């Protein structure tokens, strides 16, 4: 008499712009950390980070260890080597003491960086920059300036 309907559960796609996990200002974490999506650290972290996602280090964060991620954005205090497959962005008032490796590197005025940088996969970084520039031009097309 009644048919049983099956329900298909689908996970929503990962949104890179949305922060999925936060280690808050009062939190302290020691160890090995792996994650998908976007992680923001505002507290203290000591250890290793491995991810295909985006890692954001907040202004008040203190991070010590090895980091290997897709995108790395920091305005906090970082001690250790950082490798990013796509890009590294260092924002004021950030500090980074360690070696960095990425195809695209952005360092804002006011950032303290002490270490060596290595640009790997330059073509990948150039392609990413061209896509960002092209997207900006497309958004601005058709707008009147005056």
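The values are calculated or read from the model by the stated rules, or taken from the named source; none is laboratory data. Please read these numbers as outputs of a predicted model, since none were measured by experiment. Here Cβ is always computed from backbone atoms with ideal geometry, including for glycine, and neighbour counts include all displayed protein chains.
Summary of computed values
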read-out: Scope region 24-41; condition surrounded by 14 or more Cβ atoms within 10 Å (Cβ to Cβ) and either in contact (Cβ under 8 Å) with a residue 24 or more places away in the chain or part of a strand (DSSP E or B) (or both); matching residues; value: 33, 35, 38, 39, 40, 41
read-out: Residues of region 74-92 classified as in a strand (DSSP E or B) and surrounded by 21 or more Cβ atoms within 10 Å (Cβ to Cβ), total; value: 6
read-out: Residue 95 closer than 28 Å to residue 118 by Cβ and either surrounded by 14 or more Cβ atoms within 10 Å (Cβ to Cβ) or at pLDDT below 95 (or both); value: yes
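Results for (1) at pLDDT 95 or above; (2) buried (at least 17 other Cβ atoms within 10 Å of the Cβ); (3) outside any loop (DSSP other than H, G, I, E, B); (4) touching a strand residue (DSSP E or B) at 6+ places or on another chain (Cβ under 6 Å), shown as yes or no for each residue.
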{"position": "2", "(1), (2), (3), (4)": "no, no, no, no"}
{"position": "11", "(1), (2), (3), (4)": "no, no, no, no"}
{"position": "22", "(1), (2), (3), (4)": "no, no, yes, yes"}
{"position": "46", "(1), (2), (3), (4)": "yes, no, yes, yes"}
